[in-house]
Amino acid sequence: MVPSESPKFPLIYRDFVKMFPDESSCVTYLVEQLRWSDGFVCPACQRRQEPWRQTRGRLVCPACHHQTTVTAGTIFDKTRTLLTHWFDAAWHMTTTKNGVSAKPLERTMGISDRVAWTMLHRFRVAMVRSARELLSGEVEVDETMIGGVETGGKRGRGATKEIIAIAVEIKRPKGFGRIRMRHIPDASAKNLGAFVRETITSGSVLYTDDWKGYYGLSNEYEHHQTILSSSDDPAHVAMPGVHQVASLLKRWLLGTHQGALASEHFQSYLEEFTFRFNRRTSHRRGQLFYRLLEQAVVTPPVTESDIYGRLVEWEYEHKTVCHSHGEYARDEDGDGFYEVHVNTMEGFWSLLCSWLRPHRGVSQERWPLYVGFFQFVHNVRRRGKALLRALVPCLFLKLGQRSRFTPIFSMSNEFYTPIF
Ligand SMILES: [Zn+2]
């Protein structure tokens with residue numbers, strides 16, 4: 001592999017098609033342009049040497065025979081989707097003016113809606129984690145509401161809709177610079193203050209309205225508050241930047257995504273909008289594609305730890321377990337990563353597997369029933385016969401008087417037999 005002088009990326013769609021006709025061209029691009037543009041360095045022995053290439057993007061160090069994959073540690077980690085599909089999705093996401101939603105990808109690429117959605121979502125995660133500089137200079141900050149039915153009252157600061165805090169750099173004599181957005185649970189001083197402090201350089205000029213959520217920022221910023229209630233100007237005159245960005249955002253959400261967004265994913269859609277908006281003046285759309293892939297290979301895979309990392313936030317006490325090699329963790333698919341298994345979970349997992357084995361070929365939508373049944377049997381065993389004794393009459397009553405009894409577990413009758 002020859003170290004590259006400048007990043008190469010396709011400028012137009014014809015270049016793109018020519019550059020990435022198959023899997024191996026995508027692998028080569030990831031290796032040579034994005035992950036090891038100065039030449040491959042073995043992650044185990046640190047030697048700089050041309051690796052041996054194997055199938056499915058596996059690279060083997062000729063010196064120590066350590067195996068790695070081009071996708072390990074990136075958002076493509078362990079993906080079963082073809083890299084050509086990932087590249088296609090990245091291209092459509094970055095080069096079309098308004099991006100793309102899962103539906104058209106599904107249709108044009110002939111993949112399932114789940115795969116399409118997952119790819120777009122992982123790319124959005126890569127956009128979220130991009131290295132970011134703080135906004136500076138003159139910055140407008142305001143909130144906007146999205147979703148629900150517009151109602152009167154306190155300028156829409158109620159609790160029923162999604163609230164988005166928006167910061168926009170203002171350029172003089174006209175025009176806007178970069179933007180930042182955050183989905184916040186409410187327009188309190190805690191949320192708005194944190195948003196301002198985490199996105200705008202202290203000492204900048206800050207324009208807000210006179211909402212009390214913005215109080216207490218004048219020590220760190222040159223803070224100008226417009227008193228909307230006593231001026232005749234409507235909000236869009238006082239806050240032209242935020243107003244315009246908010247209406248673009250709404251149009252995009254309604255147009256490209258038809259407004260069908262789950263609340264927990266709102267932030268990632270905002271990041272996609274921000275990514276595109278902040279690079280709107282780039283004439284070479286292919287460069288955006290390159291930037292996205294560049295972030296995709298430095299963004300760690302979306303894993304369970306993303307969920308477990310939020311447990312404290314959700315007010316659970318959370319302790320983690322350290323695994324040493326071969327102890328409670330195993331490298332299931334031989335890719336050098338130890339998939340995590342705590343021994344209790346490991347026990348459950350093998351119990352469940354052996355319990356499910358005779359039921360192979362059962363349709364997927366019935367899986368929750370089988371798993372629920374396993375859970376029920378296990379818990380009944382743990383609680384002993386006392387519980388069983390109490391349950392038997394309930395079951396008979398339930399079968400006899402369907403309408404009056406809450407089901408103990410919602411499964412069809414054939415499943416009752418094995419317990420007793
Ligand atoms: Zn090596």
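Please treat every number below as a calculation from the coordinates, not as lab data. Quick caveat, the model's predicted, so the values are computed rather than measured. Every residue, glycine among them, receives a Cβ derived from its backbone with ideal geometry; neighbour counts consider all protein chains shown.
Values for this structure:
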read-out: Inter-label distance for residue 278 and residue 220, nm, one decimal - labels placed 7 Å from Cα along Cα-to-Cβ; value: 1.8
read-out: Label-point separation in nm, residue 244 to residue 133, each point 7 Å along Cα→Cβ; value: 2.1
